[in-house]
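Structure record follows, encoded as structure tokens.
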Amino acid sequence: MTPLRWGILGTARINRMLIPPLRVSPGNRLVAVASRELARAQAYAREWQIERAHGSYEALLADPEIDAVYIPLPNHLHAEWTIRAARAGKHVLCEKPLALSVDEVDAMAAAAREAGVVLAEAFMYRHHPQTLKAKEILDSGAIGGLRFLRGSFSFTLTRPDDVRLRPEWGGGCLWDVGCYPLSFARFLVGGEPVEVWGSQVLGATGIDETFAGQARFPGDVLFQLDAGFRSPQRAEMELAGSEGTLRVSHPFRPEREQPLRLSRDGRTEEIAVPGDDRYRLEIEDLAAAVRGERTPLVSLADSRANVAALCALYRSAREGRPVTL
């Protein structure tokens with residue numbers, strides 16, 4: 001097959017997770033990186049052995065030898081540069097959250113549709129076998145009817161100049177890490193919340209440093225999440241059903257083979273799940289969609305619904321009341 005030729009907009013830290021799988025994936029090839037400063041792009045290209053460097057994002061989008069771009073830019077730039085990339089005829093893998101409003105998601109989707117390009121949100125955990133196995137176990141009825149879900153994702157953010165601390169750039173722990181347990185819960189339930197409640201603790205810059213949320217799904221399934229920048233590293237999903245529970249450790253950054261823990265009838269069983277590179281899987285998913293083999297695993301409708309629920313949680317926290325979706 002002809003490899004999909006990739007360019008990266010920016011030199012963000014997350015790039016180091018995508019560059020190695022781009023090098024080994026047979027259907028993909030990393031060609032270029034761009035920065036707002038040519039010298040920075042050139043230094044980055046030398047460090048990571050990328051063949052081409054561009055001194056502006058516009059220059060990379062104008063490169064005729066680039067088929068697809070990865071956008072790891074700060075949240076407030078996702079919509080602008082996704083739309084620009086689509087209009088330049090480039091397929092796009094954009095970091096989560098896809099956008100900061102439903103209107104932005106709609107504009108991005110419209111640009112991709114009009115240009116005939118593929119756009120997908122980079123929720124890498126969704127591609128991992130562990131995520132798919134958890135859904136399979138739930139759907140099998142192994143824990144009975146689903147009653148309750150709980151998700152946690154936190155870490156201690158120590159860099160005072162981190163972009164995630166800037167409210168005008170879409171900073172905040174719910175946008176950054178709270179989006180994961182919400183996305184996972186929606187995927188497991190297979191539906192959308194009908195009502196959400198949110199509560200937040202703001203930091204010195206005005207972003208939410210700690211966020212707690214609840215949601216009610218159809219069928220009286222309840223969900224709780226907590227996210228934060230001021231607690232130690234924590235990541236877990238728990239599902240409680242009428243007949244048992246399922247625990248997923250490291251649900252959002254699964255690495256090697258990790259067991260799921262299924263408890264029922266007074267016994268706990270560990271279910272082995274093979275490991276895989278979640279970043280390679282999301283790259284190859286986009287490439288397969290570009291080749292017309294399937295639609296992206298994370299659909300734009302899915303991304304839109306996640307953004308809508310995140311916005312509703314923020315609104316609830318600001319207004320101090322539940323919000324109906």
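Taken residue by residue, region 191-200 has no member that is open to solvent by 10 Å² or more (accessible area, probe 1.4 Å) and within 13 Å of the chain's Cα centre (by Cα).
Listed here are the strands (runs of 3 or more DSSP E) enclosed by region 136-241 that have at least 2 residues being without any contact (Cβ under 8 Å) to a residue 40 or more places away in the chain and not hydroxyl-bearing (S, T, Y): 195-202, 208-217. The requirement of being in a helix (DSSP H, G or I), touching a helix residue (DSSP H, G or I) at 6+ places or on another chain (Cβ under 6 Å) and surrounded by fewer than 20 Cβ atoms within 10 Å (Cβ to Cβ) is not satisfied by R318. For region 245-265, the tally of residues that are assigned to a strand (DSSP E or B), open to solvent by less than 10 Å² (accessible area, probe 1.4 Å) and either closer than 18 Å to P181 by Cα or touching a Phe, Trp or Tyr at 6+ places or on another chain (Cβ under 7 Å) (or both) stands at 3. It is to be established whether one or more residues within region 171-181 are among the hydrophobic types (A, V, I, L, M, F, W, C), open to solvent by 30 Å² or more (accessible area, probe 1.4 Å), farther than 20 Å from V248 by Cβ and modelled with pLDDT of 95 or more. No, region 171-181 has no match at all.
Counting only residues that are in a helix (DSSP H, G or I) and acidic (D, E), region 110-128 holds 1 of them.
Counting only helices (runs of 4 or more DSSP H) that sit completely within region 17-102, those holding 1 or more residues that are under 24 Å from the mean Cα position of the chain (by Cα) and of a type in the set (D, E) correspond to 78-87. Selection of region 259-287 for residues being within 19 Å of the chain's Cα centre (by Cα) and hydrophobic (A, V, I, L, M, F, W, C) yields L281, I283, L286, A287. Of the set (1) more than 18 Å from A88 (Cα to Cα); (2) open to solvent by 20 Å² or more (accessible area, probe 1.4 Å); (3) part of a loop (DSSP other than H, G, I, E, B); (4) at pLDDT 95 or above, all apply to T2 but (4).
Each residue in region 80-92 was checked for being within 17 Å of A12 (Cβ to Cβ) and either surrounded by 24 or more Cβ atoms within 10 Å (Cβ to Cβ) or out of contact with any strand residue (DSSP E or B) (no Cβ under 7 Å at 6 or more places or on another chain) (or both), and 4 of them qualify.
The values are calculated or read from the model by the stated rules, or taken from the named source; none is laboratory data. Everything quoted here is computed from the prediction, not taken from an experiment. All Cβ positions, glycine included, derive from the backbone under ideal geometry; neighbour counts span all protein chains shown. With ligands, DNA and RNA removed, areas are computed over all heavy atoms of the protein, side chains included. Shrake-Rupley method; radii C 1.70, N 1.55, O 1.52, S 1.80 Å.
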